[in-house]
Amino acid sequence: MPTAVISLEASTLPASLQLAPCYDHVFVLVTWHGRPLGHGTLPLRDGVVDGEMLLQAVERIAGRAIGARQLDEWLGWEPAAAAPSISATVAICTRDRLDDLARCLRALDAMPDDGQEILVIDSASRDGEAVRGVVEQHPRARYVREDRPGL
């Protein structure tokens, strides 16, 4: 079940989602003006989610949170301070998938930096230096090489 991972800005929804046809599903992080408000997985048909299904999914995933943010914006209120975050490590296990790794790291860079550690584990890629080069373009990420393939 190949799944694409994307961030979707709800304030400027596209007419539809069109991804590579090799994906069966898409995991969507719904944001409102850059602030994450919800997430969910949607089925793809030939790499596409039509506009009506996309709108319904965003409403289901983040509709209440978007409404609350719109009300805050209209009233000129700042959202309440977030509760202290729990420290976490985002582990990305990869092998010979430079494009997917770069896209994943760009998506993580777009998320708020709440002190999470981003750890890229290169599982015996044929070109480890290329993987290291991709990781070094993202200051929040750390590279670890594992010479044995597999998780």
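The values are calculated or read from the model by the stated rules, or taken from the named source; none is laboratory data. These numbers come from a predicted model, not from an experiment. Please note: Cβ atoms are built from the backbone with ideal geometry, for glycine as well, and neighbour counts cover all protein chains shown. For accessibility, only protein heavy atoms count, side chains too; no ligands or nucleic acids. Shrake-Rupley method; radii C 1.70, N 1.55, O 1.52, S 1.80 Å.
List the residues, sorted by chain then number, that are 5 or more residues from Val90 or on another chain and whose placed amide H is less than 5 Å from its amide H.
Glu117, Ile118, Leu119
Working from Cα positions, state the angle (0 to 90°, nearest 10) between the long axis of helix 98-110 and the longest principal axis of the chain.
Computed tilt is about 40 degrees.
Using a simple charge model, +1 on the beta-carbon of Lys and Arg, -1 on the beta-carbon of Asp and Glu, nothing else, what dipole does the chain show about its Cα centre, in debye to the nearest 20?
Result for the chain is approximately 200 debye, rounded to the nearest 20.
Quick one: accessible surface of His39, probe radius 1.4 Å, all protein chains present, in square angstrom to the nearest 10.
Here the residue's solvent-accessible area equals roughly 120 Å².
Please list, in chain and number order, the residues 5+ apart from Asp96 or on another chain whose amide H is under 5 Å from its amide H, with Hs placed from the backbone.
Those lying under 5 Å, H to H, from Asp96 are Ser125, Arg126.
Suppose R0 equals 41 Å; then what is the FRET efficiency for Glu129 and Ser11 from their Cβ-Cβ distance, rounded to the nearest 0.05?
The pair Glu129/Ser11 has a calculated efficiency of 0.55.
Can you compute log10 of I(q)/I(0) for the chain with the Debye formula, treating each Cα as one identical point scatterer, at q = 0.13 Å⁻¹?
The computed values of log10 I(q)/I(0) come out as -0.72.
Give me the extension gain from Val48 to Arg35: residue separation times 0.36 nm, minus the current Cα-Cα distance, reported in nm with one decimal. All intermediate terms of the calculation are to be shown ahead of the outcome.
Numbers: separation 13, 0.36 × 13 = 4.68 nm, distance 2.48 nm.
Value of the extension gain: 2.2 nm.
Determine the percent antiparallel among the DSSP beta bridges restricted to the chain, to the nearest 5.
35 percent
Evaluate the relative contact order of the range 1-126 (contact order divided by residue number), counting alpha-carbon pairs under 8 angstrom at least 6 apart; express in whole percent. Please list the in-between numbers first.
Values: 174 pairs, mean separation 26.1, N = 126.
Relative contact order for the range 1-126 comes out at 21 percent.
Angle, helix 51-75 long axis vs. longest principal axis of the chain, Cα atoms, 0 to 90°, nearest 10?
With both axes taken from Cα atoms, the answer is about 60 degrees.
Expected output is a single nm value to one decimal: the length gained when fully extending between Arg60 and Trp74, i.e. 0.36 nm times separation in residues minus the C-alpha distance. What is it? All intermediate terms of the calculation are to be shown ahead of the outcome.
Numbers: separation 14, 0.36 × 14 = 5.04 nm, distance 2.22 nm.
2.8 nm is the gain from fully extending Arg60 to Trp74.
Report the calculated FRET efficiency for Gln116 and Asp24 (r = Cβ-Cβ distance, R0 = 30 Å), to the nearest 0.05.
On the way: r = 28 Å, r/R0 = 0.93.
Given R0 = 30 Å and the Cβ-Cβ separation, E is 0.60.
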